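The values are calculated or read from the model by the stated rules, or taken from the named source; none is laboratory data. Please read all numbers here as calculations on a predicted model, not as lab measurements. Neighbour counts run over all protein chains shown; Cβ positions are idealised from the backbone, glycine included. We work out accessible area using only protein heavy atoms, side chains counted, and drop any ligands, DNA or RNA first. Shrake-Rupley method; radii C 1.70, N 1.55, O 1.52, S 1.80 Å.
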Amino acid sequence: MNAPDTPRLNHDAATSSTAATTSTTATASGPTDEHQPNQPDTDSAQALVEQFDVRTPTGTDDPLSDSEIQRYRQEIDRMNRIILEAVKRRTEIAHAIGKTRMSSGGTRLVHTREIAIINQFREELGEEGPAIAQALLRMGRGKLG
């Protein structure tokens, strides 16, 4: 495990409920990665996401009012800001890890970790999940090939 004075880079779980996080531990032989995504504090992340109950119309006789639509659009805009900030933060952290790995002679990516992240996004988001995960991974490490 880690010595008490070993620096660790952790993504703040409150920033994003779906973004996978990475921990890097510096050792005498160079950095090592934990290959599984850390589980974020889902209570903190959920608090960022849920601001009010969403009413889903039951049919044409129960439409959303104009004020509900406006409120929902404002909530979408708020969520977009949270998502964009989380993606920027995730990318910044991934770049720091990548530079550390490359400067110590490591590889640019850890295949098993990337597969775990893609699988996590598939499980959480369905068929669009892997495309989102791949975009995030590419932003963090750059294009392959």
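Summary table
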{"quantity": "With every protein chain in place, segment 66-117: carbon and sulfur % of accessible area (1.4 Å)", "calculated": "58 percent"}
{"quantity": "Spacing of the two label points (7 Å from each Cα toward its C-beta) at residue 125 and residue 138, in nm", "calculated": "1.3 nm"}
{"quantity": "Accessible area (Å², 1.4 Å probe, nearest 10) - residue 82", "calculated": "40 Å²"}
{"quantity": "Accessible area of segment 84-133 divided out per residue, in Å², using a probe of 1.4 angstrom", "calculated": "61 Å²"}
{"quantity": "Residue 139 - accessible surface, heavy atoms, 1.4 Å probe, Å² rounded to 10", "calculated": "90 Å²"}
{"quantity": "Heavy-atom SASA rank of 137, 84, 48, 125 (probe 1.4 Å, accessible area, largest first)", "calculated": "84, 125, 48, 137"}
